[in-house]
1. Considering only segment 58-73, state which residues are in a loop (DSSP other than H, G, I, E, B) and more than 17 Å from Gly25 (Cβ to Cβ).
2. Please determine, by comparing only the residues of segment 18-68 that are touching a helix residue (DSSP H, G or I) at 6+ places or on another chain (Cβ under 9 Å) and among the aromatic types (Phe, Trp, Tyr), which one is surrounded by the most Cβ atoms within 10 Å (Cβ to Cβ).
3. Do we find a residue being buried (at least 19 other Cβ atoms within 10 Å of the Cβ), assigned to a loop (DSSP other than H, G, I, E, B) and of a type outside the set (Gly, Ala, Ser) anywhere in segment 3-11?
4. When you scan segment 69-85, how many residues do you find that are surrounded by 12 or more Cβ atoms within 10 Å (Cβ to Cβ) and either of a type in the set (Lys, Arg) or under 19 Å from Trp8 (Cα atoms) (or both)?
5. I'd like the full set of residues that are in contact (Cβ under 8 Å) with a residue 40 or more places away in the chain, over 14 Å from Glu81 (Cα atoms) and not hydrophobic (A, V, I, L, M, F, W, C), limited to segment 1-45.
Amino acid sequence: MRYLRAHWVDAPDGEPVEMWHEIGGDNLETRKVWAFRDGSLQWTDSDEENGTIYLASEPIPTTAEIDAMPEFTAVAIDLLEFEAVWSLAIGSTVD
C-alpha cells in the first residue's frame, strides 16, 4: 500500500479541497477521504460509499505526477496519517 494527500488549489465550490488516498499495489484506490471547505468529510472503500464519493476505476498517478499538475499539490503520507483522517471521516457519518 501507498498513501498520499493531495490539495486541490482553487478547488471549485462543492469540490473537495483535501484528498487522502490509500492505494494498492495495482495502483487502484482501496479507500479515500475527501474534505470540503465547510469542514465536512466524505469517505469510501470497496464495501461502502458515503456521500458523492466513490473509488476511481483507473490507476492513480504517482505522488510526483499529481504534484506536477498545476492545480494540485501532493505529498506521500504514512499509514498513521491516513488512519487518523479515516477515523475522523467514518466517525462523522450520520445515519
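Values in this text are rule-based calculations from the coordinates and carry no lab data. Everything numeric in this text was worked out from a predicted model, so none of it was measured. Neighbour counts are summed over all protein chains in view; Cβ atoms, including those assigned to glycine, are modelled from backbone coordinates with ideal geometry.
1. Quick first cut of segment 58-73, residues in a loop (DSSP other than H, G, I, E, B) only: 58-62, 68-71.
Scanning segment 58-73 gives Ala68, Met69, Pro70, Glu71.
2. Trp20
3. Taking segment 3-11 as the starting set, the residues that turn out to be buried (at least 19 other Cβ atoms within 10 Å of the Cβ) are 3-6.
If we keep only those that are assigned to a loop (DSSP other than H, G, I, E, B) as well, we get none.
Within segment 3-11, none of the residues are buried (at least 19 other Cβ atoms within 10 Å of the Cβ), assigned to a loop (DSSP other than H, G, I, E, B) and of a type outside the set (Gly, Ala, Ser).
4. Number of matching residues: 10.
5. Within segment 1-45, His7, Asp10, Ser40, Gln42 meet the criteria.
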